[in-house]
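Working notes, beginning with the structure itself.
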Amino acid sequence: MYVKDLTIHTLIIEKSEFITYLNHVESEDEYKEFLSAIRKKHHDASHVCSAFICGNIKRSSDDGEPSGTAGAPILNVLEKNNLDKTCALVVRYFGGIKLGAGGLIRAYSSSVSEALKEAVIIEEAIYPKYALTLPYDLANRINHYLTNNTSNLYTEYSENVYFEFGLDNENKIKTIMEYTKGIKPVNIGTIKVEKIVK
């Protein structure tokens with residue numbers, strides 16, 4: 001699972017401003033590029049603490065905060081939420097009040113947790129992929145069903161109507177065959193589908 005789009009959330013704790021950036025990244029290089037861009041944007045910040053998880057690769061940085069008070073708590077929140085291909089950066093503008101080690105751990109954890117409440121989370125699934133070629137009268141009958149019950153629907157109109165789609169449930173083939181008067185979709189492989197979890 002990973003965050004769909006860039007999510008930004010700001011939290012004020014004891015006059016310090018914590019700005020969290022959650023982003024989907026496919027590699028450590030993408031994470032480093034994103035971190036570099038945020039550092040430039042917030043060049044005047046006290047700290048830009050971060051964590052990243054992609055498959056077996058996990059990284060975290062306290063960026064000058066006391067050891068273990070920022071990067072590890074940020075990474076911990078990502079792990080607890082079963083996220084992958086995701087990075088979290090927390091920009092801190094110091095407000096003059098020291099939080100102590102426990103306070104910092106809570107602040108960085110809360111910042112990421114609150115940002116995740118606003119994020120759209122995606123899960124990838126592999127579905128069987130089907131093709132179906134129908135005359136126009138049957139295609140018109142089934143079009144609405146396919147639109148609402150399949151994934152990544154592709155339609156091409158020529159002499160007949162050609163459909164390609166992913167199916168999350170093999171039982172839907174029976175329903176499709178009822179609409180098509182017995183014409184069965186042909187399995188042509190698999191398709192990667194993104195599903196919104198929350």
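For the chain, the solvent-accessible area with a 1.4 angstrom probe is 53 square angstrom per residue. The chymotrypsin sites (Phe, Trp or Tyr not before Pro) of region 126-174 include none that meets both criteria, a DSSP state outside H, G, I, E and B (loop) and at most 11 other C-beta atoms within 10 angstrom of the site's C-beta. Secondary-structure-derived ellipticity at 222 nm for the chain, considering helices only, amounts to -10500 deg cm²/dmol, per-run term -39500 (n - 2.57) for DSSP H runs with n ≥ 4.
A DSSP coil position with no more than 16 other Cβ atoms inside 10 Å describes none of the trypsin sites (Lys or Arg not before Pro) in region 111-167. Basic side chains Lys and Arg get +1 at the Cβ, acidic Asp and Glu get -1 at the Cβ, and with that the dipole of the chain about its Cα centre reaches some 360 debye.
Here are several values of Rg/Rh (Cα atoms, Kirkwood Rh): (i) 1.20; (ii) 0.98; (iii) 1.01. Which one was derived from the coordinates shown? Derived directly from the coordinates: (i). For CYS54, nonlocal amide neighbours, meaning residues 5 or more places apart or on other chains whose placed amide H falls under 5 Å from its own, are LYS85. Under the shape rule built on the C-alpha gyration tensor, where the axes satisfy a ≥ b ≥ c, region 35-116 is oblate, since a/c reaches at least 1.5 while a/b does not exceed b/c. Using θ = phi - 60° in the Karplus curve 6.51 cos²θ - 1.76 cosθ + 1.60, the 3J(HN,Hα) couplings for region 102-115 round to x, x, 5, 4, 5, 5, 5, 4, 5, 4, 6, 4, 5, 5 Hz; x is entered for Gly and Pro. Of the residues SER16, SER36, LEU6, the one whose Cα sits farthest toward the positive end of the charge dipole of region 1-46, with +1 on the Cβ of Lys and Arg and -1 on the Cβ of Asp and Glu, is SER16.
Which percent of the accessible area of region 41-86 is formed by carbon and sulfur heavy atoms (probe 1.4 angstrom)? Display every interim value, and only then the final one.
Numbers: 920 of 2160 Å².
Answer for region 41-86: carbon and sulfur cover 42 percent of the accessible area.
In sequence order, region 48-56 has phi-based couplings of 10, 8, 8, 8, 8, 9, 8, x, 8 Hz under the Karplus curve 6.51 cos²θ - 1.76 cosθ + 1.60, θ = phi - 60°, and Gly or Pro positions carry x.
The values are calculated or read from the model by the stated rules, or taken from the named source; none is laboratory data. Please read these numbers as outputs of a predicted model, since none were measured by experiment. Heads up, the Cβs are rebuilt from the backbone with ideal geometry, glycines too, and the neighbour counts pull from every protein chain shown. Quick note on the areas: whole protein, heavy atoms, side chains included, nothing else; ligands and nucleic acids left out. Shrake-Rupley method; radii C 1.70, N 1.55, O 1.52, S 1.80 Å.
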